[in-house]
Amino acid sequence: MDKKKLIFIGGMLFGGLIALVFLTIFSKGKHKPPVETVKTTPYREPVTAVKPRPSNVIARPAPPAATSGGGVSPELVREITEAREAAATHQKKMVEQGKIWLDKYLKDDSVSSYTKEVYRLRNNPFIQAGNLYYKQGDISKAKEEFQKALDDPNSTPSIKYSSYMFLMGIAKTQKNSEEYFMFAKAMGKLIAENDFTCFDQPKSKAFLTEITEKEIYFKARNSPEMQDKLAKYLIDYVGLNEFTKEQALKEVKIRIKRVERELLG
């Protein structure tokens, strides 16, 4: 055989062998099955699992159970009673200590009279209770406490002044004109007899005169007869003698409306 043909055939065989090798490798890489990735989640303790209690923690005793009939057990009743008694004892102790502190504070000459009166009011049990009930919306209880402050023989004029102010405010809010004038006139008498300069209210009869006049006009709002008398009073005694009766009557009605707006809104 010719030498050139042998070389040609040998080259062909070698090339075919190389191609076969590449095809085999390519085929294996192409058809390789995919590897599945498994997602793992960290272990979590079940919600219902009970953790062991540390040895150094002392377990609280279980609360006393209710009786089979649905009532409260004697143990619970005893505990509630003891708690209430302890609270009452503590409150009494605090009140006594507060009185001792207040007496000492009020004897201090370096403290102004205004500050002393403020602390008297803040530490008065009736004023405190009345304020608390008022903030809670229990107006009936609040009125009872402020009335107790008025009835207390140990209450100072400033405590009574403050109580009247609260009671007047409540009566005005409730549009109770009868109570409003009752408390206002009582406070007017108190101001006429005492100096409340610490509250910017000096001793004077002016408030009592003013509130008495307002009550008269308020009562005359439904009485033509009273209105006529007030008109005559304005002409004869108040210096409105240049007014006609009609003009004076008009002035009376203006004053009546003014008081109505103040008390009834």
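Overview of values
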item	result
Extended-chain gain in nm, criterion 0.36 nm per residue less alpha-carbon gap, Ser113 and Ala86	6.1 nm
Long-range HN-HN contacts of Phe196 with modeled amide H, under 5 Å	Gln201, Lys203
Charge dipole (segment 73-231, unit charges on Cβ, about Cα centre) - positive-most of Ser223, Thr89, Ser110	Ser223
Highest to lowest packing among 249-258, 183-192, 196-205, scored as the average C-beta count within 10 Å	183-192, 249-258, 196-205
Sequence ranges 133-146, 151-164, ranked by mean other-Cβ count within 10 angstrom, highest first	151-164, 133-146
Segment 205-265 shape via C-alpha gyration tensor axes, a/c threshold 1.5	oblate
Sorted by Cβ density within 10 Å, fewest first, the residues Leu167, Leu208, Leu76	Leu76, Leu208, Leu167
Total charge dipole magnitude, segment 205-265, about the Cα centre, Cβ charges on Lys, Arg, Asp, Glu only, Debye to nearest 20	180
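Coordinate-derived values only; no laboratory data. Keep in mind that this is a model prediction, so the values were computed, not measured. Neighbour counts run over all protein chains shown; Cβ positions are idealised from the backbone, glycine included.
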